[in-house]
1. Would you list Tyr7, Tyr239 from the most to the least accessible area, probe 1.4 Å?
2. Highest GNM mean-square fluctuation, the chain, Cα pairs closer than 10 Å: which of Lys24, Lys32, Lys250?
3. With +1 on each Lys and Arg Cβ and -1 on each Asp and Glu Cβ, and nothing else charged, work out how big the dipole of the range 136-270 is about its Cα centre, in Debye to the nearest 20.
4. Of Thr252, Leu264, Ile8, which is farthest towards the positive pole of the chain's charge dipole, taken about the Cα centre with +1 and -1 on the beta-carbons of Lys, Arg and Asp, Glu respectively?
5. Go through 206-217, 281-292 and give me the packing order, highest mean Cβ count within 10 Å leading.
6. How large is the accessible surface of His247 in square angstrom, using a 1.4 angstrom probe and rounding to the nearest 10?
7. Which value, in Å² rounded to 10, gives the accessible area of Cys205 with a 1.4 Å probe and all protein chains present?
8. Before anything else, pin down the relative contact order of the range 193-273: Cα pairs under 8 Å, at least 6 apart, normalised by residue count, whole percent.
Amino acid sequence: MKKDLLYIKDMSKDEIFSILDTAKDMRVFLDKGERKLNILSGMNVTTLFYENSTRTRVSFENAAKIMGASTSSISVATSSVQKGETLIDTGKNLEFMLSDYFVIRHSQSGGPLHLAKNTNARVINAGDGMNEHPTQALLDAYTMRDRFKEFKGLNVTIVGDIKHSRVARSNIYLLTKLGAKVTVCAPRTLLPIDIEKTGVKYEDCIEKAAKGADVVMALRMQLERQKSALFPSQKEFHYYYGVKAHHIGKDTMMMHPGPCNRGLDISSSAYEHENSVILPQVTNGVAVRMAILQLLK
Ligand code: CP
């Protein structure tokens with residue numbers, strides 16, 4: 001592994017499988033009810049979030065503590081960033097206060113890369129703007145592999161706000177790299193330009209996109225990143241592109257990275273469907289992040 005974990009786009013298949021294999025051991029450990037390892041004893045993991053988070057931040061903090069590290073948590077809203085300190089100055093000061101890892105979420109694409117180039121600490125991208133969310137894609141891949149074993153030929157349909165979704169981008173890079181067949185479903189206004197060049201198929205109709213899919217992944221509607229109205233109304237979006245129970249086949253795995261907007265990107269009946277793995281996804285996230293912390297040590 002390199003010093004940092006920044007982008008799925010730059011990762012080799014071997015690096016991805018190394019994380020998934022290590023995470024499997026971590027998940028076995030967690031399933032036994034164990035909560036203490038000494039692998040990162042004496043080290044500090046600092047979470048530095050310039051955007052809101054529940055899952056990614058707590059998942060990394062829990063993973064770090066289980067691995068034996070101490071944790072520090074910087075909320076940008078209450079930090080000296082509000083007094084004008086730059087990202088690099090913040091990072092350098094934290095490094096000199098003995099942070100060994102930074103887990104950073106930044107509203108600007110490239111923020112974590114910029115920090116990684118300017119610190120000796122290990123940097124993990126916890127989501128950068130509309131670019132990538134690599135650890136989410138890795139936990140999603142872990143969840144798919146756990147059930148389906150292979151990625152080659154796996155039919156994965158990703159539905160919703162593809163354009164603004166770093167989760168979609170990291171999943172598309174990872175799944176196409178490993179041989180899965182990815183279909184994206186969204187109104188054209190919520191698709192990135194040239195999406196087909198990434199190797200995915202586009203389908204406008206959710207009924208067709210979901211039919212026969214092994215995995216249906218709904219995405220959060222990212223209203224905070226939309227400067228103009230990209231669909232007529234939330235009610236209409238849910239009607240045409242919201243994932244509902246009848247889109248989930250008998251053997252379809254239902255996923256969502258969270259946070260879910262019930263009644264917009266997903267219905268309650270889909271969220272609570274017996275094939276929904278939304279909650280197992282977050283437990284897998286702890287195991288995957290434990291694996292990443294170990295492999296970057
Ligand atoms: N999936 C995800 O990134 O969730 P949070 O925004 O709560 O971290």
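The values are calculated or read from the model by the stated rules, or taken from the named source; none is laboratory data. Because the structure is predicted, anything quoted here is derived from the model rather than measured. A quick note on method: Cβ atoms are made from the backbone with ideal geometry, for glycine too, and the neighbour counts reach across all protein chains shown. Accessible surface areas use protein heavy atoms only, side chains included; no ligands, DNA or RNA. Shrake-Rupley method; radii C 1.70, N 1.55, O 1.52, S 1.80 Å.
1. Details: Tyr7 30, Tyr239 160 Å².
In descending accessible area the options line up as Tyr239, Tyr7.
2. Maximum fluctuation in the GNM of the chain, among the listed residues, is at Lys32.
3. So the dipole magnitude of the range 136-270 works out to roughly 160 debye.
4. Ile8
5. Highest mean packing first, the order is 281-292, 206-217.
6. Number for this one is 10 Å².
7. Its accessible surface works out to 50 Å², give or take rounding.
8. Details: 92 pairs, mean separation 30.7, N = 81.
Result for the range 193-273 is 38 percent.
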